[in-house]
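S.K.: Provided herewith is a single structure, encoded as structure tokens, for subsequent inquiry.
The values are calculated or read from the model by the stated rules, or taken from the named source; none is laboratory data. Remember, predicted model here, so these are calculated numbers, not experimental data. Heads up, the Cβs are rebuilt from the backbone with ideal geometry, glycines too, and the neighbour counts pull from every protein chain shown. Ligands, DNA and RNA are stripped out before the accessible areas are found, and what is left, the full protein with its side chains, is counted by its heavy atoms. Shrake-Rupley method; radii C 1.70, N 1.55, O 1.52, S 1.80 Å.
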Amino acid sequence: MATEKSRVYHERQRLQYCLLHSLNSLFQQKDAFSRANLNAISEKLALDDGSNSGATTWTPLSVVFKPHHNSLTGNYDINVLISALEEKGKTVVWHDRRNAASSIDLDAPEDVLMGIVINVSVRRFAGIWKSRHWIALRKIDGVWYNLDSDLAAPQPFQDAHQVREFLDFTIGHGGEVLLVMNGKPS
């Protein structure tokens, strides 16, 4: 939902498709990825897992709960994120949580650092349901935005210091920070 005023593309949360929403918001494109794309990546990963470890065990729940996602609600894992980004020529670099966010070069040119994806623990349904949630951060026209699909609209950060505070808070509360780099590592 890109508005004429902001021109920042942002998708709202549906079911557990936060990885899909994060990727599309990161790429600033409605159909950069689709459920079908991510499901196909997940299925390929599951086949690769099966070929590496011999026979896989099938249960009636295997129809819904796939190794890398839930076929009804989404809930894709890190392997799907990395594979999807690699298909688009991107590289994912895990931020070493022992280091503060000040070690991240938020001023790197866009042709180096495309954006940041974080994974945080969330509680839903009055705290009964505990899950993980994907959130994209991206610098657009010189301004960093929180493109969280749980937000009604993209939230601009005041400056790089505020982005670092947000990332440090995320790390301090068990979140994972993943840097999305343009191109393959050298």
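S.K.: Please find, within the stretch 7-42, the residue that is farthest from Leu151 (Cα to Cα) out of those that are modelled with pLDDT under 75 and surrounded by fewer than 18 Cβ atoms within 10 Å (Cβ to Cβ).
M.R.: Per the criteria, the residue is Leu15.
S.K.: If I ask for residues that are modelled with pLDDT under 90 and buried (at least 20 other Cβ atoms within 10 Å of the Cβ), which ones from the stretch 106-146 would you list?
M.R.: Passing the criteria: Asn119, His133, Trp134.
S.K.: Related question: Taking Phe65 as meeting all but one of (1) open to solvent by 50 Å² or more (accessible area, probe 1.4 Å); (2) modelled with pLDDT of 90 or more; (3) among the aromatic types (Phe, Trp, Tyr), write down the number of the exception.
M.R.: In the conditions (1) open to solvent by 50 Å² or more (accessible area, probe 1.4 Å); (2) modelled with pLDDT of 90 or more; (3) among the aromatic types (Phe, Trp, Tyr), Phe65 misses (2) alone.
S.K.: Only residues that are within 17 Å of the chain's Cα centre (by Cα) and of a type in the set (Asp, Glu): list them for the stretch 157-174, please.
M.R.: none
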